[in-house]
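Remarks on the structure that follows.
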Amino acid sequence: MTEAFEPRILAFCCHYCAYAAADLAGVMRLNYPTGIRIVEVPCSGRVEVSEILHAFEHGADGVMVAG
Amino acid sequence: MKYAAEWLDKIGLGGERVRMVNLSSAMAVQFAEAVREMTEKIRQLGPNPLRNM
Amino acid sequence: MIIGEQKPLEEIMNLLGDARRVLVVGCGTCVTVCFAGGEKEAAILASALRMKSKLEGHPMEVDEVTVQRQCEWEYIDPLADRLKDYDAILSLACGIGVQAMNERFPEYVTLPGLNTTFLGLPEEHGVWVERCQACGDCILGLTFGICPIARCSKQLLNGPCGGSQNGVCEVSSDLPCAWHLIWERAIKFGQVERLLEVQPPKNWSRSRDGGPRKIVREDLRLPREE
Ligand code: SF4
Ligand code: SF4
């Protein structure tokens, strides 16, 4: 069971930094785990604690805030 | 971020499930690395117990 | 403003008991600016309660609403129709807001989600300090604008006491001596002689010692309907 577990991680990514980095990772054909879901935000500073909790409430296994 | 982690601890989900990373737009390799690290960590922690409730 | 802090989550869970449907009512004024009970805190707490109750095996449905000011009828009256849908109401306002809710909606019990701590100000981001005890007879005019009632551990009217060491109160090493500060101000303004005059005991009847207080302004009252 644990082997089959593919963590679902939500990443809030800043438009200017981490989102661009994620984009570049795609362009560079870098491999990274598929369980990640990216939400683009104008700035990582706008991510509210309540939004992070919301993600967990709806089943996220982890949350990354990348700026 | 510390505050979010504190809440997760209080709720009983574990504060380690949330993480902040600082990247610039050119840091694609580091981005992939961070995602990998986080995935590993969460794999160890196991699934969010709320998922199947 | 009024400063408060959220009660521990465990205590809130105990207060709510086995309620199934909970309404968290935030307040958009004092407790919003001290990050204890505004819209954001209400959303966080509601989410936390939903998750924790689910994990503990007795899931609650939790909604939240934030009113501009919980201590005025006109702002809470619009809640009247909503309350019947819940079996517990948790206020994130100060004690005044909680009581306003209970007074205005006597058919429901509104529970406190905060501890109302003091009247004060944010000294810096994330640090709040007490500044006034609402004594009802302000003496800031005698003390160069520093309140010894709220800030002197002994509420002395003639200070400092012998416990004042290098500007620090004997009660705690991180507590400035209010009377030391008052004297510094007197020296700065060249008016130390004003502090040498011995102040008689304060009239505490205008404070809480005289029982609950009330102010009536006849000029502002609306004509009463018979
Ligand atoms: S209810 Fe309390 S916190 Fe809200 S505005 Fe009134 S005094 Fe301030
Ligand atoms: S003297 Fe009384 S009213 Fe004035 S600041 Fe101190 S406690 Fe408040």
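The values are calculated or read from the model by the stated rules, or taken from the named source; none is laboratory data. Owing to the predicted nature of the structure, the values given are computational and were not obtained by experimental measurement. Ideal geometry is used to build each Cβ from the backbone, glycine not excepted, and the neighbour counts take in all protein chains shown. Accessible surface areas use protein heavy atoms only, side chains included; no ligands, DNA or RNA. Shrake-Rupley method; radii C 1.70, N 1.55, O 1.52, S 1.80 Å.
Numerical summary
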{"item": "Where only alpha carbons of chain A are counted, the Rg and the Dmax (Å)", "result": "12.8, 38"}
{"item": "Hydrodynamic radius (Kirkwood) for region C:120-174, which is based on Cα pairs only, to one decimal in Å", "result": "12.4 Å"}
{"item": "Extension gain from C:Asn158 to C:Glu124, taking 0.36 nm per residue of separation minus the Cα-Cα distance", "result": "9.3 nm"}
{"item": "Normalised per residue, the volume of the convex hull around the Cα set of region C:1-146 (Å³)", "result": "111 Å³"}
{"item": "Residue of C:Gly97, C:Gly28, C:Gly211 that the Gaussian network model of chain C assigns the largest fluctuation, springs spanning Cα pairs under 10 Å", "result": "C:Gly211"}
{"item": "Tilt relative to chain C, helix C:95-104 - C-alpha long axis, 0 to 90 degrees, to 10", "result": "50 degrees"}
{"item": "Longest exposed-site-free window of chain A, the sites being GluC sites (Glu not before Pro) in a DSSP loop that have at most 15 other C-beta atoms within 10 Å", "result": "A:4-47"}
{"item": "Cβ-placed point charges (K, R +1; D, E -1), dipole of region C:137-210 about Cα centre in debye, nearest 20", "result": "160 debye"}
{"item": "Rounded FRET efficiency, nearest 0.05, which uses the C-beta distance separating A:Thr34 from B:Lys10 and R0 of 35 Å", "result": "0.65"}
{"item": "Length gained when the stretch C:Met1-C:His58 is fully extended (0.36 nm per residue, less Cα-Cα span)", "result": "16.8 nm"}
{"item": "Computed FRET value (nearest 0.05) for C:Glu11 with C:Leu222, which takes r as the C-beta separation and R₀ as 41 Å", "result": "0.55"}
{"item": "Per residue, in Å², the accessible surface of chain B once ligands and nucleic acids are set aside, probe 1.4 Å", "result": "51 Å²"}
{"item": "Euclidean distance of C-alpha centroids, region C:16-59 and region B:1-37, integer Å", "result": "24 Å"}
{"item": "Accessible surface ranking that places the most exposed of C:Ser91, C:Ser173 first, with a 1.4 angstrom probe", "result": "C:Ser173, C:Ser91"}
{"item": "Test item: A:40-49 mean partner chain Cβ contacts at 10 Å", "result": "3"}
{"item": "Number of partner chain Cβ atoms within 10 Å, mean per residue of C:52-63", "result": "2"}
{"item": "Calculated [θ] (222 nm, deg cm²/dmol) that DSSP helices of n ≥ 4 give over chain C, each run adding -39,500 (n - 2.57)", "result": "-7500 deg cm²/dmol"}
{"item": "At most 12 other Cβ within 10 Å, DSSP loop - GluC sites (Glu not before Pro), region C:122-209", "result": "C:Glu197"}
{"item": "Interface burial for A against B (accessible surface, 1.4 Å probe, total of both chains, Å², rounded to 100)", "result": "2900 Å²"}
{"item": "Over the protein assembly as shown, equivalent-ellipsoid semi-axes from the Cα gyration tensor in Å", "result": "48, 29, 17"}
{"item": "Neighbour-limited loop hits for chymotrypsin sites (Phe, Trp or Tyr not before Pro), region C:134-219 (at most 13 other Cβ within 10 Å; DSSP other than H, G, I, E, B)", "result": "C:Phe189"}
{"item": "Normalised contact order of region C:88-220, rounded percent, pairs of Cα under 8 Å and 6 or more residues apart", "result": "16 percent"}
{"item": "Peptide A:7-16 - average C-beta neighbours from other chains (10 Å radius)", "result": "4"}
{"item": "B:Val21 long-range amide H proximity, modeled H, under 5 Å", "result": "A:Val65, A:Ala66, A:Gly67"}
{"item": "Long-range amide H partners of C:Val62 with built H, under 5 Å", "result": "C:Val22"}
{"item": "Loop chymotrypsin sites (Phe, Trp or Tyr not before Pro), chain A, which have at most 14 other Cβ atoms in a 10 Å radius of their Cβ (DSSP)", "result": "A:Phe5, A:Tyr16"}
